[in-house]
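S.K.: Got a structure here, written out as structure tokens. Questions coming.
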Amino acid sequence: MRRRRRGGLHFGREKKELNIPLIKEVLSWIIEIIVVLAIAFVFVFYLGMRTSVVGESMEPTLENKQEILVNRFIYSITDPKPNDVIVFLPNGNEKSHYYVKRVIGVPGDTVQIKEGAVYINGELFEDAVETAAILDAELAEEEILLGEDEYFVLGDNRNNSEDSRYANIGNVKKEYIIGKAWFIVSPKESFGFLE
């Protein structure tokens, strides 16, 4: 009796076993990477927008050329409040640089500047920072009634600021507000949360 040799060419298909634990591990890594990338995107897009301060209008709070992070998410769930430092486009002009100012009046408020001081609804406004007396009230010499989506903003350096007192800026509509300034990135000696 002759034995057949098992070696040599074999054209039949062999069933390969799938390594299920390995496939589960790879899928787990892919899902984790997607989740981390999604979280990073949301963080950068909503909380990590970076812009520069232009000019001295926000001194001493912010100085010219400081870089800040802007929270673009916060005003989609809440409205700007008095003393918030906001970033906006004047009159929605997308070709302009971002303006950084402090919210003084909110929708429904009346704003007036008398004898160098800001009055909201007839009462003296309590600034979050110490400011100088205002020398030029401009449009706010008369009472200004803010509409349902309008905000009155001023720079902290009141006598060196282009803000809501002037017709070319005026009251800021909510749709033109990019977000809230919340963190100073540079220079290194100023690094930290905005007060």
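S.K.: In region 108-171, what GluC sites (Glu not before Pro) fall in a loop by DSSP, with at most 11 other Cβ atoms inside 10 Å?
M.R.: E115, E126, E130, E142, E148
S.K.: Assign unit charges at the C-beta atoms only (+1 for Lys and Arg, -1 for Asp and Glu), then state the dipole size of region 51-193 relative to its Cα centre in Debye, rounded to the nearest 20. Present the calculation step by step, with values, prior to reporting the outcome.
M.R.: Values: 13 positive and 26 negative charges, 128 e Å.
Using Cβ point charges on Lys, Arg, Asp and Glu, region 51-193 gives about 620 debye.
S.K.: Taking trypsin sites (Lys or Arg not before Pro) that fall in a DSSP loop and have at most 14 other Cβ atoms within 10 Å as cut points, what is the longest piece of the chain between them?
M.R.: 96-195
S.K.: Could you please state, rounded to a whole Å, how far the C-alpha centre of region 105-166 is from the C-alpha centre of region 26-40?
M.R.: Computed from Cα coordinates, the inter-centre distance equals 48 Å.
S.K.: Output needed for the chain: three equivalent-ellipsoid semi-axes, defined as square roots of 5 times the C-alpha gyration tensor eigenvalues, in descending order, whole Å.
M.R.: Numbers: eigenvalues 761, 57, 35 Å².
Output for the chain: semi-axes of 62, 17, 13 Å.
S.K.: Sum -39500 (n - 2.57) across every DSSP H segment of at least 4 residues in the chain, then divide by the residue count to get the 222 nm mean residue ellipticity, nearest 500.
M.R.: Values: 2 runs with 27 residues, N = 195.
After summing the helix terms and dividing by residue count, I get -4500 deg cm²/dmol.
S.K.: Taking the Cα centre as origin and putting +1 on Lys and Arg beta-carbons and -1 on Asp and Glu beta-carbons, what dipole magnitude results for region 18-104, to the nearest 20 debye? Present the calculation step by step, with values, prior to reporting the outcome.
M.R.: Details: 8 positive and 9 negative charges, 28 e Å.
For this selection, approximately 140 debye.
Throughout, read-outs are computed from the coordinates displayed, never taken from laboratory work. All figures in this text were calculated on a predicted structure; none of them were measured in a lab. Cβ sites come from the backbone with ideal geometry, for glycine too, and all protein chains shown count toward neighbours.
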